[in-house]
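Report on the structure given below.
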Amino acid sequence: FQAESKNIASVKYTSGMQAHGSHLPAAEKEIRRGLQNKEFVLYFQPQLNLLTNRIDGVEALVRWDHPEKGILSPDQFLPDFEALGLNGQLDSYVLKQACEIGAHWYSEYKRRITIAVNLSAVEFQDPKLVAKIQSLLVEFEIPPKYLELEITENIVITDMVSAMDTIVMLQNMGIKVSIDDFGTGYSSLSYLRKLPIDKIKIDRSFITDFASNDSDLTIVKSMIKLSHGLGKRVLAEGVESEEQLSLLRKLGCDAVQGFYINPPLPQQKLATYLVRK
Ligand code: C2E
Ligand code: MG
Ligand code: MG
Ligand code: MG
């Protein structure tokens, strides 16, 4: 089904599609138009390194700059993309945009910052992923350590063996890999031990109340300990208050991301972090 959908997407410019196009549901037509017209833009949420107290990375988060509806967030369109088998295509677009913007920042501000990109299962399982990334890094002259890929636990356990192969290849190229939304999927501690990943991102749902809820606090503490015990960095998502931030500092968390630090920002707003020495 996915391969078929990709084909449909890739023949959207051919004449035969026009008649077919009129039968497509409105949502699909809009999505295809959006992709064709490059209506998708990246926002960037800064990641604060608690050791250095500096912003040393950003997460790229896609938005749909819709001509009538304004800026739409992923929750409003990702499910449709998934249903249509088009999320791989969106991720490819996002990856390329992220590299292009990273190269632009470097030429403008002479400073590199790690850009983390979210990958859907389809994109992560694409046999061409590694080659695709390799050629993007060459094209935009980006040292591999400045690219990070975020995948979820569920993607990993669906096909443990090939996920492991892909991650090892990415790691050998010098690209970082992190586990997103940690704790919400089908976790298995044995896979964590074996995976050569760099970072674990504690899901926001554990952070929301952990400053006042004892069981959440216990879970967050254990996740930090677990990550460090396995030699991995740990980042807390969804930090919304000073209280949460200082508690995470105390617990030895390596990095944080959240509205209290910064919301996701449009490309130009990030310059303030890049000019800072
Ligand atoms: P995620 O990767 O876990 O990204 C974090 C989400 O939490 C973002 O939502 C971000 O805006 C939001 N967030 C950050 N800090 C806070 C906070 O302090 N409080 C609260 N309440 N929320 C916070 P966003 O941008 O709406 O993205 C939602 C999800 O959509 C992402 O979750 C990710 O799974 C997915 N996504 C975003 N961009 C892409 C993409 O390019 N490709 C793929 N495949 N998925 C994407
Ligand atoms: Mg993410
Ligand atoms: Mg996340
Ligand atoms: Mg999340």
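Could you tell me how many of the residues in region 238-256 are in contact with a Phe, Trp or Tyr (Cβ under 8 Å, 6 or more places away or on another chain) and open to solvent by 70 Å² or more (accessible area, probe 1.4 Å)?
Looking only at that region, the number is 2.
Being more than 16 Å from ligand 3 (Cβ to nearest atom), crowded, with 18+ Cβ neighbours inside 10 Å and either hydroxyl-bearing (S, T, Y) or outside any loop (DSSP other than H, G, I, E, B) (or both) is true for just one of L270, L235. Which residue is that?
The conditions single out L270.
Yes or no: region 147-154 includes at least one residue that is open to solvent by less than 60 Å² (accessible area, probe 1.4 Å) and away from ligand 3 (no atom under 16 Å from the Cβ).
For region 147-154, residues open to solvent by less than 60 Å² (accessible area, probe 1.4 Å) and away from ligand 3 (no atom under 16 Å from the Cβ): present.
In region 23-49, what residues are touching an Asp or Glu at 6+ places or on another chain (Cβ under 8 Å), aliphatic (A, V, I, L, M) and within 17 Å of L95 (Cα to Cα)?
V41, the sole residue that qualifies.
Starting from residues that are of a type outside the set (K, R) and over 30 Å from M164 (Cβ atoms), keep the ones in region 102-121 and report whichever is least open to solvent (accessible area, probe 1.4 Å).
W105
Quick check on A211: is it out of contact with any strand residue (DSSP E or B) (no Cβ under 9 Å at 6 or more places or on another chain) and either open to solvent by less than 30 Å² (accessible area, probe 1.4 Å) or not acidic (D, E) (or both)? Full working, then the answer.
Details: out of contact with any strand residue (DSSP E or B) (no Cβ under 9 Å at 6 or more places or on another chain): yes; either open to solvent by less than 30 Å² (accessible area, probe 1.4 Å) or not acidic (D, E) (or both): yes.
Answer is yes for this residue.
With in contact with a helix residue (DSSP H, G or I) (Cβ under 7 Å, 6 or more places away or on another chain) and more than 20 Å from V94 (Cβ to Cβ) as the only criterion, which of V177, V130, V239, V161 stands out?
V239 is the lone residue from the list that is in contact with a helix residue (DSSP H, G or I) (Cβ under 7 Å, 6 or more places away or on another chain) and more than 20 Å from V94 (Cβ to Cβ).
Looking at the structure I just gave you, is G85 open to solvent by less than 10 Å² (accessible area, probe 1.4 Å) and at pLDDT below 95?
So G85 passes the test.
Cβ contacts < 7 Å: first residue farther than 24 Å from P264 by Cβ, restricted to region 217-242; second residue open to solvent by less than 50 Å² (accessible area, probe 1.4 Å) and in a helix (DSSP H, G or I), any location; separation 6+ or different chain. Result?
These pairs meet every condition: I219/F206; L230/L192.
Would you check which residues across region 11-59 are among the aliphatic types (A, V, I, L, M), more than 16 Å from ligand 1 (Cβ to nearest atom) and modelled with pLDDT of 95 or more and list them?
Across region 11-59, the qualifying residue is only L51.
Consider F259 against the criteria (1) more than 18 Å from V117 (Cα to Cα); (2) touching a helix residue (DSSP H, G or I) at 6+ places or on another chain (Cβ under 6 Å); (3) among the hydrophobic types (A, V, I, L, M, F, W, C); (4) within 16 Å of ligand 1 (Cβ to nearest atom): it satisfies all of them except one. Which criterion is unmet?
(2)
Against the definition (under 27 Å from L136 (Cβ atoms), touching a strand residue (DSSP E or B) at 6+ places or on another chain (Cβ under 9 Å), open to solvent by less than 40 Å² (accessible area, probe 1.4 Å) and within 13 Å of ligand 1 (Cβ to nearest atom)), how does K201 come out, yes or no?
yes
Restricting to region 243-277, name every residue that is in contact (Cβ under 8 Å) with a residue 40 or more places away in the chain, β-branched (V, I, T) and farther than 24 Å from D198 by Cβ.
Selection gives V275 alone.
With within 14 Å of ligand 4 (Cβ to nearest atom), out of contact with any strand residue (DSSP E or B) (no Cβ under 7 Å at 6 or more places or on another chain), open to solvent by 20 Å² or more (accessible area, probe 1.4 Å) and not in a helix (DSSP H, G or I) as the only criterion, which of F259, F206 stands out?
On the way: F206 fails: not in a helix (DSSP H, G or I).
Unique residue meeting the criteria: F259.
Among the residues of region 56-71 satisfying the criterion of being more than 16 Å from ligand 2 (Cβ to nearest atom) and open to solvent by 20 Å² or more (accessible area, probe 1.4 Å), which is farthest from the chain's Cα centre (by Cα)?
Checked region 56-71; the qualifying residue farthest from the chain's Cα centre (by Cα) is E68.
The values are calculated or read from the model by the stated rules, or taken from the named source; none is laboratory data. None of the values given here were measured: they were computed from a predicted structure. Neighbour counts are summed over all protein chains in view; Cβ atoms, including those assigned to glycine, are modelled from backbone coordinates with ideal geometry. Accessible surface is based on the protein model in full, side chains and every heavy atom, while ligands, DNA and RNA are left aside. Shrake-Rupley method; radii C 1.70, N 1.55, O 1.52, S 1.80 Å.
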